[in-house]
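Below is one structure; the comments refer to it alone.
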Amino acid sequence: MSRVKIAPSLLAADFGNLQRDVQMVNKSEADWHHIDVMDGLFVPNISYGMPVVKAIKKFATKPLDVHLMIVDPDRYIKTFAALGAFSLTVHYEACIHLHRTLQAIKEEGMLAGVALNPATNINVLEDTIRDIDIVMLMSVNPGFGGQTFIENTYNKLRDLKALIQHKRANALIEVDGGVTSLNAKALVDAGADVLVAGSFIFSSEHPLQTIKELKEIAG
């Protein structure tokens with residue numbers, strides 16, 4: 001049984017066939033559905049909102065791993081809990097009172113995640129790491145799919161793993177952006193527990209096989 005979780009990013013799915021793609025992930029060896037919510041303010045793009053998440057939930061048989069790339073995410077914590085999110089990840093850069101936000105997410109029964117942009121140092125989490133269930137390292141600049149992987153992510157992964165161990169925390173490390181079969185093993189070796197892959201999976205001719213291979217490579 002693989003310890004590493006694979007979370008296909010539905011941002012890269014075919015929105016004309018969303019039900020089909022969600023059901024493909026259901027049938028696959030993937031662990032979570034990864035859902036990116038963007039507001040056009042925090043990132044220079046708009047993805048989808050609550051009605052689409054609600055539609056995904058209707059067909060999904062695996063947990064919804066929701067990533068909010070929005071300003072003032074506190075406004076929507078209860079909303080995404082009601083929509084059935086399993087985990088809710090907010091950006092460190094978007095939270096004025098991160099500790100309070102984390103507690104609010106947990107109070108709604110979701111795993112609490114914090115995402116860091118590529119230019120944000122992992123040291124900013126020193127005081128909250130024990131309150132965090134998932135740390136998501138952005139390995140591309142957030143906002144658009146299909147971008148090139150940022151190589152410094154490996155160093156951040158190792159530093160973050162060391163911080164988690166030093167603080168005796170239990171946070172999972174998730175990597176989002178530019179993940180393929182070529183770097184999956186190296187990411188896991190550096191400390192990743194969850195790999196988010198979008199275009200690599202949904203652009204594949206055989207996405208079920210691609211997910212299976214990612215799972216096997218990641219171990």
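The values are calculated or read from the model by the stated rules, or taken from the named source; none is laboratory data. Computed from a predicted structure; not experimentally measured. Virtual Cβ from ideal backbone geometry, glycine too; neighbours counted across all protein chains shown.
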**Prompt:** Yes or no: residue 50 within 21 Å of residue 198 (Cβ to Cβ), modelled with pLDDT under 95 and exposed (fewer than 15 other Cβ atoms within 10 Å of the Cβ)?
**Reply:** yes
**Request:** Being modelled with pLDDT of 95 or more, over 15 Å from the mean Cα position of the chain (by Cα) and not charged (D, E, K, R) is the filter here, so list the residues in the range 127-149 that pass it.
**Result:** 128, 129
**Request:** Filter the range 81-114 for residues that are buried (at least 16 other Cβ atoms within 10 Å of the Cβ) and of a type in the set (S, T, N, Q) and give the result.
**Result:** 87, 89, 101
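The rows are residues; the columns are (1) at pLDDT below 95; (2) in a loop (DSSP other than H, G, I, E, B).
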residue: 22; (1), (2): no, no
residue: 42; (1), (2): yes, yes
residue: 62; (1), (2): no, yes
residue: 66; (1), (2): no, no
residue: 77; (1), (2): no, no
residue: 81; (1), (2): no, no
residue: 90; (1), (2): no, no
residue: 101; (1), (2): no, no
**Request:** For residue 169, state whether it is in contact with an Asp or Glu (Cβ under 9 Å, 6 or more places away or on another chain), farther than 30 Å from residue 27 by Cβ and either modelled with pLDDT under 95 or not polar (S, T, N, Q) (or both).
**Result:** yes
**Request:** Please enumerate the residues belonging to the range 163-189 that are crowded, with 16+ Cβ neighbours inside 10 Å, in contact with a Ser or Thr (Cβ under 8 Å, 6 or more places away or on another chain) and over 20 Å from residue 15 (Cα atoms).
**Result:** 174, 175, 176, 178, 179, 187
